[in-house]
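So the structure is just underneath, and the comments pick up after that.
Laboratory data are not the source of any read-out in this text; all were calculated from the coordinates shown. All of these numbers come straight from a predicted model, not from anything done at the bench. Cβ atoms come from the backbone with ideal geometry, glycine included; neighbour counts cover every protein chain shown.
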Amino acid sequence: MESLYELWGKRNPEWEKKYQDSVINLFTDYGKGVNQYQDVRGKIFGAGYEIFILAFFIGLYHNQTKPLVEDKAKRKGFGQAIMYWGNIENRIGRFSYGRIREYMFAALIARTDIDFIALDKGEITPRKAVDMLIEKMEQYANFGFDFMQEKLEENPNYFFKETAFLRVFLDFLKNDDEGDDDYDDVPESLD
Amino acid sequence: MAYMSNNEKILQAVLLDERLMKFGGYTPEDVGRLGNIYQALDSDNYVINAVAQIIKRTNEGATVQELWKEINTYLYNNV
Amino acid sequence: MIIKEIRIKNFRSYYGDSNIFELSDGLTLILGDNGDGKTTFFEALQWLFNTTIDRGNIDHVSEMRKSKLEIGESDEVLVSMTFEHDGEKSVEKSFSFERTGEKTFRVGSLLYRGYETKGAERESVNGKQLIDRCYDAFIQRFSMFKGEAELDVLDNPTALKELVDKFSDIKKFDALVENASVFEEKSGVAYTKEMKSDEKVSKEANEIDFKIKHLGELIGQKKKDIKEKQISCDTFANRLSQLEQNQETSEQYQDIKSRLKTQEEKRIKLKGMIGSVNYSHSLLDKLWVLCAFPPILNEFQQKCSALSKEKRRLERDFDKQQAAAIAKLETIKEIQGALINGATELPWYLPDQETMEEMLRDHVCKVCGRPAEEGSEAYKFMLHKLEDYKSHVEAKMKREQEKKTLEEQSLFQNEFIEELHNISISLSGNREAHVSGIAGEIADRLELVDRLTNELKTVEDKISDINDEKTRLLIQAGNVPESLLESQFKDIKGLYEQKNRAEVRLTELNGELKVLQEQMKDLQERLDALNPSSSKVKTLRDVHRTLEEIAKAFQNAKNDNLRRFLSELQERSNNYLEALSANDFHGEIRLIQTADESTEIHLFSSNGTEIKKPSGSQRTVMYISVLFAISDFTQQKREEDYPLIFDAATSSFGDSKEGDFYNVISSLSKQCIIVTKDFITKGEVRKKDIQTLGCPVYRIKKASGYDARNMATIRTIVEKLK
């Protein structure tokens, strides 16, 4: 019997097409084919799923989800199943980070309301459980994309600054510990 | 001395050259008496006259050929 | 012309419209450190005054202003100056720019406007013409200087010629000298020609003329040779003196170079270290995105743990249930066993099923040996017993089956919860510690980058200082080219010999020329002494002589004029020199004409020896004295003075006390705008020192909070300090 983790890994989460131009294409090489000899066309990330992962974490840390649009025609998936995410062999200066999948999985388990007891009893199919995990994953990411898009509307240059993405995540730490001022050292550029 | 035009300044400077004065047979007083270019053009002294002509005509924009003809003719007849 | 106000809007680092300089009629100082915008200020003015540009250039637009524009929005670049020049006037140059796309802009056409106040009205005029009228390119050459190197204006012979022409007493000598010389030549030709055809003297005249011509060629050639040789000698002499003078400089230069190299290597290394980590990539590659993950990990572990517990609890309950059910079966078994005819299991001593069947078949009880005929009591008894036994065995088998079924039943078919629990365990311990440490790892990295960035800034400041040192050194060395300082000194001996040989040859040549000229004079006299028969010849001779004398007189007058001009310029220069020099220095400027009709500015000490290598500040003072003297002339001739605008790229007033120097300039009634690094130590203005100044002082400075890697964050702030 395959493990839940393996089943989850075979899937390919979806996202809303509307974010393709406004977010995904800005930061990744999605859709253009990965080729180690042609330098990245100035995009920060390579594969499209990389920005999905960040969007996911944004939703996760905010603990907010946003359901995807119903119309399947307005949704899309990446070309690679989750189990391949983070296996970077062809990029110079990048390193594999497959472990991140375990943490994402753990977070989804923690936050999704699956009756595991029923699952183990066989009352629910593993497939159904994984469906719920994927749905949660998509909704966290959807929130994250929305977040990014709004930031970009406010300031088109926002995420192009060197520290922009990092800052978004460091802000979550600030909210956790009140009065923790270490992260003011992040070099801010004048807006 | 009242206002001197540039031409007049040149005239004075050249005419007061000692060697030229000796050659031309005139004195500094003679030069002093000249009020302006036109008076110099009236002078009997051919050196003074020639110098004045060169200055005046050059400033009027005469070509070298034209002026040469004039000066040569003048001097030939007056030297 | 006196500049009243300068305004710079959106020109490079001068963002926005509040960069205004109000200038005094005398000295105005603008203080700024490297990179603060000093050069940009100067270049803005050059741009304003340049009447040859006719298009706007996007490179001149403030990056900060560009970055704040929305698509479709526009603004303008504008530099303007208000000034007094026979009435109040102003001039401004501007162009608009508009953002047309994410990274594209459009630049509008260049507007060049001028304004004159006539009476009570302000009239609009053509800007280009206004500048050509009031501050033309000729004057600019003697008014605006971008650094010490540009101050030696007389270095260029054309400049001197123009100066003489514009400001000397008598102008336009050149054409006259030229004409007179042509006439002399022509009259000479005519005379000789006539002489040669005169019957009486033609033969001799022809001979002499022929010789004269020939000699003339020789003389011409000789003069050429002499000139070349002279140039050679000069070159050797210069080169030698350069090499000698610069030996020390060269050593200093090498030292500076090696220090510079060290710092630049440091810079490269630091930049490498700073840039080695890409924050965005690290979010994934180094799992930095998990910085806020610990609480979630915790949630997960607790959930897994709870699920595990719950499952075990349910399993235990279930097991209990099962056990109870099985126990029941056992009891039934017991009971079942007991209820069949009061008997339990067949006692061991009774025959088994097979034997009983045999007995029945054989019609005999093999236990007691009695015959058991079919239908007899004994037979029936045995048969019954057999049936009992069979049904008992059946019941037992059924029970066993039920028990087995019960025992095999389980509550949970899958082990996903175990899987989750295992994952939870694998993510604890080292893995958990790693995740917890990520926030700290990020903080450490940021702190490190901060420190490195500060170090980098220090190194870059050092590099800038060393470059200043280098420039000062080069200026002191009289603007010797760097390549010279790089070279070795093995050339010296060879050069000496070459130079000596050249000088000897030069002397020889001059001697030869003299001889030829004597010969020429002889021939000429002989020619003149000929007594031609025709009076025409005589007349032509006289005409020629006259023109000869006149030509000489013109030439002399021209030379005199130049000499007088230079003498006056020298005198005025020395007046300024005295006013500007430090207390312990007494010397004089001498303007010395050179062979190729240019003039050199030399400095002599009070005892008459030349100071061949004046110090940086001495040189600057010397040149400024000459420039002030030149501006005196403009004041005289044009009845309008013009300002001296000087970008002191390096602070070369180090010798004399800065404050005194500026105060002296301030006391001369000349408008001066000096942009300098003086009075700034470690990025801060020495407020105490500027208190002693009597003139207005501005500070231009990069606004704080900028990112050196991003041009759009840089702006210059203009602050009036006094």
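The table that follows gives values for the structure above.
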| read-out | value |
| --- | --- |
| For chain B, Kirkwood radius (reciprocal of mean inverse C-alpha pair distance, Å) | 12.8 Å |
| Pairs from A:LYS43/C:LYS266; C:LYS161/C:LYS499; C:LYS38/C:LYS722 whose Cα-Cα separation, in the structure shown, is over 24 Å | A:LYS43/C:LYS266; C:LYS161/C:LYS499 |
| Karplus (6.51, -1.76, 1.60) ³J(HN,Hα), θ = phi - 60°, over the range C:277-284, in Hz, Gly and Pro reported as x | 10, 8, 4, 5, 5, 4, 3, 9 |
| For the range C:379-532: rounded, prolate or oblate by the Cα gyration tensor [a/c cutoff 1.5] | prolate |
| Of C:LYS309/C:LYS398; C:LYS103/C:LYS470; A:LYS121/C:LYS328; B:LYS9/C:LYS89, those spanning more than 29 Å from alpha-carbon to alpha-carbon | C:LYS309/C:LYS398; C:LYS103/C:LYS470; B:LYS9/C:LYS89 |
| For chain C, calculated [θ]222 nm from helices alone, where every DSSP H run of n ≥ 4 adds -39500 (n - 2.57) | -20500 deg cm²/dmol |
| Dimensions (Å) - chain C, Cα atoms, principal axes, largest first | 206, 69, 51 |
| With 10 Å bins from 0: P(r) over the protein assembly as shown, alpha-carbon pairs, percent | 2, 7, 11, 12, 11, 10, 9, 8, 6, 5, 4, 3, 3, 2, 2, 1, 1, 1, 1, 0, 0 |
| Cα-based convex hull volume of the range A:4-160 per residue, rounded to whole Å³ | 116 Å³ |
| Distant-in-sequence amide H partners of A:ARG75 (H built 1.01 Å from N, under 5 Å) | A:LYS17 |
| FRET efficiency for B:LEU41 and C:LYS161, using Cβ-Cβ distance with R0 set to 22 Å, rounded to 0.05 | 0.15 |
| Where labels lie 7 Å past Cα in the beta-carbon direction, separation of C:THR52 and C:PHE381 in nm | 14.7 nm |
| Label zone at B:SER5 (point 7 Å along Cα-to-Cβ), backbone N below 11 Å, the range B:32-72 | B:36-39, B:56-57, B:59-60 |
